[in-house]
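Taking it in order: structure first as structure tokens, then the write-up.
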Amino acid sequence: MRGSENLKLVAGLSWRNVWRNSRRSFLTFLTIVAGCTLIIFMRSLQNGGYAQMIEDAIAPLTGHIQIHEKGFQDNMTLEYAFRDDRSMIEKIRKTKPVKEAAPRIYAGGLLIHNDSSAGAEILAVKPELEQRITTLHKYILPGGRYLEKGDTLAIILGKNLADNLGVKAGDTVSMVSQGFDGSIAAENFSVKGIFRTPNVMYNRTLALIPFRQGSETFSMDGYISSIVIRAEDTDYVPAVTERVKEIAGEELEILPWDKLMPEILQFIVMDRVSSHIFVFILYMIVAFGILNTIQMSVFERIRELGIMLSIGTSPVRIFSMIIIESAIIAFIGIIMGLISGAALSYYFTIHPMDFSAYQAEMELYGMSTLVYYAKLKASDFYNTGTMIFFLSLLFTFFPARRAAKLDPVRAIRHL
Amino acid sequence: MKKREQSSVIEIKGLYKDYNSDGLAVHALNGIDLSIKKGEFTAIAGPSGSGKTTLLNIIGGIDRPGRGEVKVAGKNLNGMKRGELSDLRLNSIGFIFQAYNLIPVLTAVENVEYVLLLQGADKKERRERAESILRDVGLERELKRKPAEMSGGQQQRVAVARAMVSNPEIILADEPTANLDQSTGSALLDLMRNLNKERGITFLFSTHDSMVMKRAGRLINLRDGRIVAGKK
């Protein structure tokens, strides 16, 4: 008999066997469907959680990618500046899928109000572009406002920094620092707003002034500290980073968010390890569920398998038949499981879990992410489906081999 | 032509088979020499434990010979692989068991079709041949019944149909009438005898039923794993 005919025969027998004992097959389906659903749901919640965590961490200020003079990230001083090349920013802005790109000036300085003073990180930004890149403008407390285009001697401060200085919106603060050329940089700024972000460090140390003013105050002479870029989605960051590298060249350092905030990535890696353990346990539950039901089905059919062997069914066919039975059950179970996992995940994509009511408690434990939504990824479907299918076949191998090796004489006598 | 018809389909020389039962060696067959010619209707008689079933199982390739040579349908069973033995059983041998041994979840016609399915016959041919042979054994009304829904006699007739449907050279039957009442057993024997005469199929069956022994074309007596007497 030709290979294809043989396969058709064995597959036909397996197909009938699957539906012959529908209760047993249903139990196996259920194990696979439940396993797939849980894994897909867990993975998509994780994806959503990580995406939100990244978003919450990078959205207020960091952006997706930053371009600096080499050495800036390690030293964070005004000296590490590079020439503000407008054509480069325009090229980056026109690159897809880049949402926005904007220049910044970064300097350390001393803020003074009456008898109080505090060290601050001063960031000069273009407010109209910055609002498309970061979300800091959303955290302005009532009674104040974010920087606006055309502002000159305006400043916004973090809540804790403002408290330390004892200032409120409308007050004036003095800033003393050093310019790019080594001169003294000093200016009085009018406090336009106070912000309170989920990031405590920003609240304690950060102050924002308009870009043009910063350039003048710090005597930048056409130099900038960084270009901050936002991609359309966090998933596009690797691709955009590559394109930006082509545009900016080798002279500058181009850092994606995971290099700018490596602690987030470390947390995700750690969390993934623990989730891998959980998923591994789920896989094992599914695999042993399959092993158990297939073992049972072989054990229940010992006599029948003996009869089949006696009347001319070859051991290879018996083995293939049981493997294909498992493959059929696994295939249908995986499809159903992936669909139900996707449906459950989709529900939590459009109805995210919102813990805003517990913001204060969560911040106490350093958790700034308050909304958890599910995010489906094609790779999770592929990986879960492939893994469960592979495990189904692997764990069927042993009962199938046992069935194929049955002694027909003994098997027929089996009750 | 005549010489060919008389050729041996089963040829056994010096067959021994030992079993290990709770650490004790049991000599099931003790030097069997046997030749069965094509078209014979042979009964192997003997008390329980005399080795009848072991002999049939070895001839049928579902048990292995200990020592000695066994040739069935022109093929030497010694050293054959499991897959080769399966092919031999599928294409040259039909089995009828004492306990019917039908596949419980398949209907009568599906049980018969199964062998044709293994042989790769197409669906239409399978159904036609299976139904035709079930009609021949008088089961045209039981085609779609499962084994549990049929009497012992009906089940055994399905088993006969299953054994015959692939047109085997030999049908081996292990005490086919043992679980049947006398009239049903007699009717089954008539059926087997007719098939033997009409189709020239070689029948070899074990029995300890005197009615069956009387109607056999050839009787072989087995005792303690040895042939003690034979008559034509």
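The values are calculated or read from the model by the stated rules, or taken from the named source; none is laboratory data. Note that the structure is a prediction, hence the values are computed from the model and not measured. FYI the Cβ positions are ideal-geometry reconstructions off the backbone, even for glycines, and counts take in every protein chain you see. Side chains are part of the model used for accessible areas, which takes the heavy atoms of the whole protein and leaves out ligands, DNA and RNA. Shrake-Rupley method; radii C 1.70, N 1.55, O 1.52, S 1.80 Å.
Couplings 3J(HN,Hα) of the stretch A:183-198, computed from phi: 6, 6, 10, 9, 6, 9, 10, 8, 6, 8, x, 10, 10, 9, 9, x Hz, in residue order, whole Hz [Karplus 6.51 cos²θ - 1.76 cosθ + 1.60, θ = phi - 60°; x for Gly and Pro].
For chain B, the longest principal axis of the C-alpha atoms and the axis of helix B:82-92 are separated by about 60°. Below 27 Å, Cα to Cα, which lysines can B:Lys144 reach? Residues fewer than 8 away in the same chain don't count. Within the straight-line limit of under 27 Å, B:Lys144 reaches these lysines: A:Lys8, B:Lys123, B:Lys124.
With the cut-off at 27 Å, tell me which of the pairs B:Lys17/B:Lys197; B:Lys17/B:Lys75; B:Lys81/B:Lys197 have Cα atoms farther apart than that.
B:Lys17/B:Lys197; B:Lys81/B:Lys197
With the simple model of a label 7 Å out from the Cα in the direction of the Cβ, B:Ser132 to A:Phe390 spans 5.1 nm. The heavy atoms of A:Ile224 present about 0 square angstrom of accessible area, all protein chains included, probe 1.4 Å. The ellipsoid equivalent to the alpha-carbon distribution of the stretch A:1-95 has semi-axes of 60, 21, 11 angstrom, derived from the gyration tensor eigenvalues as √(5λ) and listed largest first. The coefficient of translational diffusion for the protein assembly as shown, derived via Stokes-Einstein from the alpha carbon Kirkwood radius under 37 °C and 0.692 mPa s, stands at 103 µm²/s. Measuring nothing but how far apart in sequence close Cα pairs (under 8 Å, 6+ apart) lie, relative to its length, chain A scores a relative contact order of 26 percent.
Other residues with beta-carbon under 11 Å from the beta-carbon of B:Val26 carry, at +1 per Lys or Arg and -1 per Asp or Glu, a net charge of -2.
Here the scattering of the stretch A:90-192 is modelled by Debye summation over its C-alpha atoms, one equal scatterer each and no solvent; at q = 0.10 Å⁻¹ the log10 of I(q)/I(0) is -0.32.
Taking the three principal axes of the alpha carbon atoms in the stretch A:65-257, the coordinate ranges are 50, 36, 30 Å, sorted in descending order. Using a 1.4 Å probe over protein heavy atoms, the accessible area lost on pairing A with B, summed over both chains, comes to approximately 2100 Å². By the gyration tensor of its Cα atoms, with a ≥ b ≥ c the square roots of the eigenvalues, what is the shape of the stretch A:161-285: rounded for a/c under 1.5, prolate for a/b over b/c, or oblate? Oblate shape, in that a/c is at least 1.5 and b/c is the bigger or equal ratio. In the stretch B:43-78, the residues whose accessible area drops by at least 40 square angstrom when the other protein chains are added to the isolated chain are B:Ile62; the probe is 1.4 Å and only protein heavy atoms count. Taking a quarter of the surface of the Cα convex hull of the stretch A:50-144 gives a mean projected area of 8.6 nm².
Over chain B, what percent of the accessible surface lies on carbon and sulfur atoms, probe 1.4 Å?
Ligands and nucleic acids excluded, carbon and sulfur reach 45 percent.
With K and R counted +1 and D and E -1, the other residues having a Cβ less than 14 Å from that of A:Glu232 yield a net charge of +3. Database remark: amide H of B:Arg145 closer than 5 angstrom to the amide H of B:Ala108, B:Val109 (H placed geometrically; neighbours at sequence offset of 5 or more, or on other chains; Pro and chain starts carry no H). At an R0 of 35 angstrom, the distance between the Cβ atoms of B:Arg82 and A:Arg23 translates into a FRET efficiency of 0.65. At q = 0.15 Å⁻¹ the log10 of I(q)/I(0) for chain B amounts to -1.02, computed by Debye summation with a single uniform scatterer per C-alpha, solvent ignored.
Over the stretch A:296-335, the fraction of Cα-Cα pairs per 5 Å bin, rounded to whole percents and listed from the shortest bin up, is 7, 21, 25, 24, 12, 8, 3, 0. Could you list, in their original order, any pairs among A:Lys70/A:Lys375; A:Lys70/A:Lys377; B:Lys13/B:Lys38 whose Cα atoms are separated by more than 25 Å? The pairs that break the limit, which is 25 Å between Cα atoms, are A:Lys70/A:Lys375; A:Lys70/A:Lys377. With all protein chains kept in place, the per residue accessible area of the stretch A:65-257 amounts to 46 square angstrom at a probe of 1.4 angstrom.
Classify the stretch B:48-107 as rounded, prolate or oblate, taking a ≥ b ≥ c as the square roots of the eigenvalues of its Cα gyration tensor: rounded when a/c is under 1.5, otherwise prolate if a/b is larger than b/c and oblate if not. Oblate is the answer for the stretch B:48-107, as a/c is 1.5 or above yet b/c matches or exceeds a/b. Between the alpha-carbon centres of the stretch B:30-109 and the stretch B:180-232 there is a gap of 15 Å. Net charge near A:Ala169, counting Lys/Arg +1 and Asp/Glu -1 over other residues with Cβ under 10 Å of its Cβ? Residues close to A:Ala169 contribute a combined charge of +2. Rounded to the nearest 10 degrees, the angle from helix B:152-164 to the longest Cα principal axis of chain B is 80 degrees.
Based on Cα contacts under 8 Å between residues 6+ apart, chain B shows a relative contact order of 29 percent. For the pair B:Asn194 and B:Glu140, label points projected 7 Å from Cα toward Cβ lie 1.3 nm apart.
Could you tell me how many degrees, from 0 to 90 and to the nearest 10, lie between the Cα long axis of helix A:315-350 and the main elongation axis, the longest principal axis, of the Cα atoms of chain A? Once rounded, the angle reads 30 degrees. Rounded to the nearest 10 square angstrom, A:Arg83 shows an accessible area of 130 square angstrom against a 1.4 Å probe. Between A:Val371 and A:Asp181, how high is the FRET efficiency from 1/(1 + (r/R0)^6) when r is the Cβ-Cβ distance and R₀ = 35 Å? Nearest 0.05. FRET efficiency, A:Val371 to A:Asp181: 0.15.
Say the cut-off is 24 Å between C-alpha atoms; which of A:Lys138/A:Lys168; A:Lys94/A:Lys138; A:Lys94/A:Lys192; A:Lys168/A:Lys259; A:Lys126/A:Lys192; A:Lys405/B:Lys146 go over it? Check vs 24 Å cut-off fails for A:Lys94/A:Lys138; A:Lys94/A:Lys192; A:Lys168/A:Lys259; A:Lys405/B:Lys146. Remark on the stretch A:59-107: Rg and Dmax equal 11.7, 31 Å (Cα only).
When Rg and the Kirkwood Rh are both derived from Cα coordinates, the Rg/Rh ratio for the stretch B:128-208 amounts to 0.94.
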